[in-house]
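Visitor: Before I ask anything, let me first share the structure, which is written out below as structure tokens.
The values are calculated or read from the model by the stated rules, or taken from the named source; none is laboratory data. Being a predicted model, the structure only gives us computed values, none of them experimental. With ideal geometry, Cβ positions are generated from the backbone for all residues, glycine too; neighbour counts draw on all protein chains shown.
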Ligand code: BG6
């Protein structure tokens, strides 16, 4: 679909914009030799530097147990950026790359923090950073509390003017606990050291273009918002399908499973943006106030609801995109009789004025036929008047699809007359791809790192959202604990999960939809 001639760009009111000035800071990455640092953080920092978004005096310190010196860390950074960044590597003139430092210590070793403090102070003087610190905890969650407590003990957390110049912010990665009690405990331990506006709980789905665009799309357009409710919407379905398996993360996944890995955070977060009321402004707390209301309006599942409205699955051996792949139980470091789910489909309710009675379906799985994530809002059918002729069901309902990946964009299905002398009606697709705006999308971590450097929390999760999400997820797990175990494996790799998932959505006469590439006729294929 063509885009219109460029009109003046409109900036949001509130803080949801990163166009502001970014102050230099020292970024300290705990877990600097780990997978997240290599695959996401270093490439994101490099891309930001290459695009001119990082002040030249942004400094970087790696903190980890592995023995490395500064020189080796700098080489590691350059190699990592060359391997994973979006663009060819040319060393940027930013201190983070030219003069990165490394502190070798275990996370509970106070002397490591003294050394870190010394290194940060030196970088501060050299680059005129004025005390700003961004601590990125790219470590196992079990280390979070220890690290912030050690930082505090070393006098590295600035909470107020009395603590010296500059700001202190801490980014932490999911999982934020593994259930409601552990999430509450983590929140309390963090709150004992940091103010909430210093804690940045990252959910990389909130950094994805289409996800951010949900706000622009919903609240920047008159035509859809008036239909965005129980009077017009028949159901909402949200699929996050992955073709990959557990990618060597067996031990982590064994403890986690599909429900806690994806639904507890990414999927409920995105759903909250889709379902929330218009926020008063685009400031972080205004948005998060509305999101948390949605999460709180999702009632915990009873055991009976868990039985009727959830489907769990685990993949067996199969074929994905032409390649034979092992079953989950045959994956590296996975229990050969594992009962961990790699697939989940569920139907939930949002008990509020806008959504009461509208079924909401979530589906996620590993080793499905393709990688595709999208949210489809299916509208109610037309009254049987003009085009019924006994076959009203054949008029396809309107569907609005927000494609998160790949090929991010938005499409709208509506009915149109087929050219000719008759009155044949056929569903057609109006499609918009973000790539048509001509600017490459930033990686989610780029946007989120920049937001953290600017102190903007709108795309980060607040403590009460974490707890509201766990309350829902815990109720499902409690139900599962009382119900008979499914016969795992119950879907072959390369299929769309167990047949019960189709039956779940089929009970109300719906079916799962999978967006097809934009240039293909008929944008949906039944899953
Ligand atoms: C992570 C999960 O949070 O998100 C992984 O732990 C999952 O299991 C990943 O594969 C998916 O992210 P993306 O951006 O590839 O959809």
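Visitor: In the stretch 356-387, what residues are more than 18 Å from the chain's Cα centre (by Cα), within 30 Å of residue 246 (Cα to Cα) and not in a loop (DSSP other than H, G, I, E, B)?
Guide: Result: 360, 377.
Visitor: Would you confirm, using the coordinates I've provided, whether residue 336 is more than 16 Å from the ligand (Cβ to nearest atom) and in contact with a helix residue (DSSP H, G or I) (Cβ under 8 Å, 6 or more places away or on another chain)? Quick ask: steps written out before the conclusion?
Guide: Values: more than 16 Å from the ligand (Cβ to nearest atom): yes; in contact with a helix residue (DSSP H, G or I) (Cβ under 8 Å, 6 or more places away or on another chain): yes.
So residue 336 fits the description; yes.
Visitor: Can you pull out every residue in the stretch 410-439 that is more than 16 Å from the ligand (Cβ to nearest atom), touching a strand residue (DSSP E or B) at 6+ places or on another chain (Cβ under 7 Å) and under 24 Å from residue 373 (Cβ atoms)?
Guide: Hits for the stretch 410-439 are 410, 411, 412, 413, 414, 427, 428, 429, 430, 431, 432, 433.
Visitor: Can you tell me which residue within the stretch 167-183, out of those that are surrounded by fewer than 20 Cβ atoms within 10 Å (Cβ to Cβ) and over 18 Å from the mean Cα position of the chain (by Cα), is farthest from the ligand (Cβ to nearest atom)?
Guide: Among them, the one singled out is 167.
Visitor: Next up: Residue under question is residue 242, and the condition is that it be more than 9 Å from the ligand (Cβ to nearest atom), closer than 30 Å to residue 326 by Cβ and at pLDDT 95 or above; does it hold?
Guide: The answer is no for residue 242.
Visitor: Also: So, in the stretch 209-233, how many residues would count as being in contact with a strand residue (DSSP E or B) (Cβ under 6 Å, 6 or more places away or on another chain) and either surrounded by fewer than 18 Cβ atoms within 10 Å (Cβ to Cβ) or under 15 Å from residue 288 (Cβ atoms) (or both)?
Guide: Selection size over the stretch 209-233: 1.
Matching residues to (1) part of a helix (DSSP H, G or I); (2) under 21 Å from the mean Cα position of the chain (by Cα):
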{"residue": "447", "(1), (2)": "yes, yes"}
{"residue": "453", "(1), (2)": "yes, yes"}
{"residue": "457", "(1), (2)": "no, yes"}
{"residue": "469", "(1), (2)": "yes, yes"}
{"residue": "494", "(1), (2)": "no, no"}
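Visitor: OK, next. State the number of residues belonging to the stretch 140-156 that are modelled with pLDDT under 95 and surrounded by 16 or more Cβ atoms within 10 Å (Cβ to Cβ).
Guide: 1
Visitor: Related question: Here are 186, 190, 206: which of them is buried (at least 18 other Cβ atoms within 10 Å of the Cβ) and within 15 Å of the ligand (Cβ to nearest atom)?
Guide: After ruling out the rest, the residue left standing is 206.
Visitor: Moving to a separate point now. Regarding the stretch 83-94, can at least one residue be identified that is in contact with a strand residue (DSSP E or B) (Cβ under 8 Å, 6 or more places away or on another chain) and in contact (Cβ under 8 Å) with a residue 24 or more places away in the chain?
Guide: Scanning the stretch 83-94 turns up no residue that is in contact with a strand residue (DSSP E or B) (Cβ under 8 Å, 6 or more places away or on another chain) and in contact (Cβ under 8 Å) with a residue 24 or more places away in the chain.
Visitor: Something else about it: Suppose we keep only residues that are outside any loop (DSSP other than H, G, I, E, B) and surrounded by 21 or more Cβ atoms within 10 Å (Cβ to Cβ) within the stretch 245-261. Which one would you say is farthest from the ligand (Cβ to nearest atom)?
Guide: Only one residue tops the list, namely 259.
Visitor: In addition: Please find, among 285, 289, the residue that is out of contact with any helix residue (DSSP H, G or I) (no Cβ under 7 Å at 6 or more places or on another chain), assigned to a helix (DSSP H, G or I), more than 16 Å from the ligand (Cβ to nearest atom) and over 24 Å from residue 230 (Cα atoms).
Guide: Within the list 285, 289, the selection yields 285.
Visitor: Related question: For the stretch 220-239, enumerate the residues that are within 21 Å of the chain's Cα centre (by Cα) and more than 12 Å from the ligand (Cβ to nearest atom). Give the derivation first.
Guide: Our first condition is that a residue be within 21 Å of the chain's Cα centre (by Cα); within the stretch 220-239, this holds for 236-239.
Result: 236, 237, 238.
Visitor: OK, next. Return the pairs, sorted by first residue and then second, in which the second residue is part of a helix (DSSP H, G or I) and more than 10 Å from the ligand (Cβ to nearest atom), the first residue lies in the stretch 241-267 and is farther than 20 Å from residue 316 by Cβ, the beta carbons are less than 6 Å apart, and the residues are 6+ apart or on different chains.
Guide: 264/469; 264/473
Visitor: Select from the stretch 393-408 the residues that are in contact (Cβ under 8 Å) with a residue 40 or more places away in the chain and more than 16 Å from the ligand (Cβ to nearest atom) and list them in ascending order.
Guide: So the first thing to find is which residues in the stretch 393-408 are in contact (Cβ under 8 Å) with a residue 40 or more places away in the chain, and the list is 397, 399-405, 407-408.
If the condition is that a residue be in contact (Cβ under 8 Å) with a residue 40 or more places away in the chain and more than 16 Å from the ligand (Cβ to nearest atom), then 397, 399, 400, 401 are the ones that fit.
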